[in-house]
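S.K.: My questions will all concern the structure given below.
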Amino acid sequence: MRVVVVALALWLAACSGAPQAPGVTATRVLELSGLQPLANALGLSPDGSLVVTGDFEADLIAREVPSGTERWKVRVKPRREQRRIDGVFFSPDGSLIVTTGHEAQTTEVWDAATGRSVAVLDIGQCRGVAFHPDERMLAVAGGGTIHVVALSGGKAVRTLPNAHAGDGIFAIAFSGDGLTLATVSGQGSLKAWSWPALTLRTSTTLSGGLEAMSPVSLALNRRGTRAAANSIMGRVHVADIAKGREEGTFGNVAQAPGHGMHAELRYSLAFTEDGDWLFAPDTHDRGLRLLHVPSGKTFPVLQGDGPFYKAVALAVPASTVAFLRPGSPEGFGPYAIEVWRLEYQARPH
């Protein structure tokens, strides 16, 4: 399905004039409601077959798609420290899961098939991780430090402290070709690092003010020449890494009463292969949209029935997206999981 996404995006980008609305339809393949714990984080396997939730009570639960059958459940309690789960991240091959916590003292690695603990990393205050697309390496953002972890041994083999001159790292991502690692700080400083040397390539400051602060998601295109980040206020910032400047922004308006921030939408951005199209939460956090970066135009893909979505997980190769939906506009439970399958119109001859 990835080829379909890429080919469609390339065709649209090549059309003369303004891009046409992409012919995308969405079908809900799983809706599981009545989740009582305070669900907080969501992950989706690259093939779209497994959706994993983490909650404030430290439970990590894996469910199969589309049946919704629970495959396993574990309590994330390393070093006897029970804490909330703030992030759930799958490896590119779908074999591993990493759980993170903003205030936790550890970062954990799990076997995706069984829920068995693989490693407990002594890396605290983690807001994000990035699996290398080809190597068995993991980059972890812990406070203001970049930690490089060898998955074969489950140990950090290198650290780059104070990567943002006293500011914390809020999101981290690899480019698809694995040659660039990017980090974005709480104050909107975006840095691109050459891999594996971790030498600074470019540094870009996103638009000033609250809109650029507290990023919640970061994505790079395949060649590492373009990055996108969305902030706690929801606006999507796109930067030209090669030129070290901001390319543009896409607006976002919170719709649910009392829900003026978008802090839960961690890692909710994904580029298509060519890097001109970007999947992002819709304007009111109620679904998904496609952003055409060169033209600045946006196209809706799907919108759900709930007040808003608290978390988003994207599996672009499988054309699948998962959402965590609260039961009330204030963000309280019971929660529901939704998984949608995207389908694309045939390309013209």
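S.K.: Keeping to the range 239-271, report how many residues are at pLDDT below 90 and charged (D, E, K, R).
M.R.: Number satisfying all stated conditions: 2.
S.K.: If you check ALA113, ALA156, ALA163, ALA141, which single one turns out to be on the phi < 0 side of the Ramachandran plot, part of a loop (DSSP other than H, G, I, E, B) and surrounded by 16 or more Cβ atoms within 10 Å (Cβ to Cβ)?
M.R.: Values: ALA113 fails: surrounded by 16 or more Cβ atoms within 10 Å (Cβ to Cβ); ALA156 fails: part of a loop (DSSP other than H, G, I, E, B); ALA141 fails: part of a loop (DSSP other than H, G, I, E, B).
Result: ALA163 is the single residue among ALA113, ALA156, ALA163, ALA141 that is on the phi < 0 side of the Ramachandran plot, part of a loop (DSSP other than H, G, I, E, B) and surrounded by 16 or more Cβ atoms within 10 Å (Cβ to Cβ).
S.K.: While we're here: Would you mind stating whether LEU8 is crowded, with 19+ Cβ neighbours inside 10 Å and either farther than 29 Å from ILE85 by Cβ or modelled with pLDDT under 50 (or both)?
M.R.: Here the answer is yes, as LEU8 does meet what is asked.
S.K.: Considering the range 185-200 alone, what residues qualify as being open to solvent by 70 Å² or more (accessible area, probe 1.4 Å) and modelled with pLDDT under 95? Explain how you work it out, then say what you get.
M.R.: Let us first name the residues in the range 185-200 that are open to solvent by 70 Å² or more (accessible area, probe 1.4 Å), namely 187, 196, 199-200.
Once the filter is applied, which keeps residues that are open to solvent by 70 Å² or more (accessible area, probe 1.4 Å) and modelled with pLDDT under 95, the range 185-200 yields only GLN187.
S.K.: Could I ask something else about it? Can you tell me how many residues in the range 204-217 are of a type outside the set (A, V, I, L, M, F, W, C) and either at pLDDT 95 or above or surrounded by 19 or more Cβ atoms within 10 Å (Cβ to Cβ) (or both)?
M.R.: Adding up the residues that qualify gives 5.
S.K.: Can you find a residue that is of a type in the set (Asp, Glu) and crowded, with 22+ Cβ neighbours inside 10 Å anywhere in the range 290-310?
M.R.: No, the conditions are met nowhere in the range 290-310.
S.K.: Looking at THR53, THR107 in this structure, which one is crowded, with 19+ Cβ neighbours inside 10 Å and within 19 Å of LEU314 (Cα to Cα)? I'd like the intermediate steps shown before the answer.
M.R.: Values: THR107 fails: within 19 Å of LEU314 (Cα to Cα).
None of the other options fit; the residue is THR53.
S.K.: Now, a different point. Do we find that ARG71 is assigned to a helix (DSSP H, G or I), over 20 Å from the mean Cα position of the chain (by Cα) and surrounded by fewer than 23 Cβ atoms within 10 Å (Cβ to Cβ) in this structure?
M.R.: So ARG71 fails the test.
The values are calculated or read from the model by the stated rules, or taken from the named source; none is laboratory data. Just so you know, these numbers come straight off a predicted model, no measurement behind them. Backbone-built Cβ (ideal geometry, glycine too); neighbour counts: all protein chains shown. Accessible surface is based on the protein model in full, side chains and every heavy atom, while ligands, DNA and RNA are left aside. Shrake-Rupley method; radii C 1.70, N 1.55, O 1.52, S 1.80 Å.
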